[in-house]
1. Using a 10 Å cut-off on Cβ atoms, rank the peptides 296-307, 136-147, 212-223, 20-31 from the highest mean neighbour count down.
2. Which loop trypsin sites (Lys or Arg not before Pro) in region 31-97, with loop taken from DSSP, have no more than 16 other Cβ atoms within 10 angstrom of their Cβ?
3. Quick one: pull the percent of accessible area on the chain belonging to carbon and sulfur, 1.4 Å probe, ligands and nucleic acids left out.
4. Between helix 253-263 and the chain, what is the angle of the helix's C-alpha long axis to the longest principal axis, kept within 0 to 90° and rounded to the nearest 10?
5. For Arg169 and Asn113, calculate 0.36 nm times their separation in residues minus their Cα-Cα distance, and state this gained length in nm to one decimal.
6. Shape verdict for region 120-178, please, from the Cα gyration tensor: rounded (a/c under 1.5), prolate (a/b greater than b/c) or oblate.
7. With the cut-off at 18 Å, tell me which of the pairs Lys40/Lys145; Lys238/Lys299; Lys104/Lys145; Lys80/Lys111; Lys54/Lys350; Lys15/Lys40 have Cα atoms farther apart than that.
8. Could you work out which residue, out of Cys36, Cys280, Cys79, moves most in a Gaussian network model of the chain, that is, has the largest mean-square fluctuation with Cα springs under 10 Å?
Amino acid sequence: MMMKDNRIHELTTLKVIAEKLNEATDVKEMLKDVLCELLKLTELHTGWVFLIDKQGEYELAAAYNLPAGLSWNKKIVMCKGGCWCIDRYHDDRLNRAANIINCKRIEAAIKNNWGETNGITHHATVPLQAGNEKFGLLNIASPNKKHFSDEELALLESVAFQIGTAINRIQLVEKARKHALIEERNRLAQDLHDSVNQLLFSIMLTARGTKELTIENEVKDMLSYIQELSQEALTEMKGLIWQLRPQGLENGIGTALLNYANVLGLKAELNIKGVCTLPCHIEEELWRIGQEALNNCKKHAETTEVFLSISRKNYTVIMVIEDGGIGFHYDEKKHLPSMGLRGMKERVKKINGSFNLSSSLGSGTIISITIPLQKEV
């Protein structure tokens, strides 16, 4: 009878968790909700989830009911340093749910007197995976509980598999959404090229041809003005099309920025150091920031020469855009002087980076962007 009750409880737990996961559209929110629900259903006490990226960097993505010793100083003990479960994950020694004899992070909290640990010394750890894809770890603990039974580990393993499948689904949906956005940008760029771009080119040619049919100087001057405006509008349109469809981004951010500088009529020198591949969202943000910086050079610097530098060191990428133009007076204690510069800073802030601007009259302008590649809490 007891075995039957346990089986019913296990199936109920899996059903409730599955319903939560099916509704999820955001990974971190899903992990928080499911972790809370899992602990309530199993009557266990504490849990946390580490997401681990392909570079091996981890982040504390969710935590529930952590004791004071593990929550001390914004959960720093949970966010930095190594531990046995993550070491085993990296070494491919953790492919199933397992008992961790002692928790290194709890030992650190006790040793440094960071607060109560509520009798927690051990935890179960379960890899989050779907097929061959690995996403991180689910850790579960309870006061004075030093061992998890095979039945408990099997249940946690089933839940972890469901979580891994949900993470995979959410990531695939996000990739599909981004792909659809890129397709829409490409369509719009093609429409602009085929319609507006061609109309502007026709206006320019018509103005040039009409000048040959008149002897009136005032009319010639007006037609020349129309021709100049059309040429300027064509250049702006080419830039807009490039912003929508960055040809060359598939070959790297450096190639894309060099090509965009060429479209604007700028002579760009590029120096790349230590950069292989970058995460897609980081590369796209660098592209948008670089576009705005090059646009500013074209419009305001009064020079055609610009220097680009992109370097990667450890888990940081640095992009520098420098011109030797007229510069401007800039006081870093005050707000940035233009919407374009403020937009660049906001983009950098969105991906946890730092934005630095240096400029003075007659000395050109330097924009430096530093972006961490490792995930942070």
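The values are calculated or read from the model by the stated rules, or taken from the named source; none is laboratory data. What you are looking at is a predicted structure, and each value in this text was computed from that prediction instead of being measured. A quick note on method: Cβ atoms are made from the backbone with ideal geometry, for glycine too, and the neighbour counts reach across all protein chains shown. These area figures cover heavy atoms from the full protein model, side chains too; ligands, DNA and RNA do not enter into them. Shrake-Rupley method; radii C 1.70, N 1.55, O 1.52, S 1.80 Å.
1. 136-147, 296-307, 20-31, 212-223
2. Those that pass, being in a loop and sparsely packed, are Lys54, Lys80, Arg93, Arg96.
3. Here it works out to 52 percent.
4. That helix lies at roughly 20 degrees to the long axis.
5. Extra length from Arg169 to Asn113 when fully extended: 16.0 nm.
6. Prolate.
7. Those over the limit are Lys54/Lys350.
8. Judging by the Gaussian network model, the answer is Cys280.
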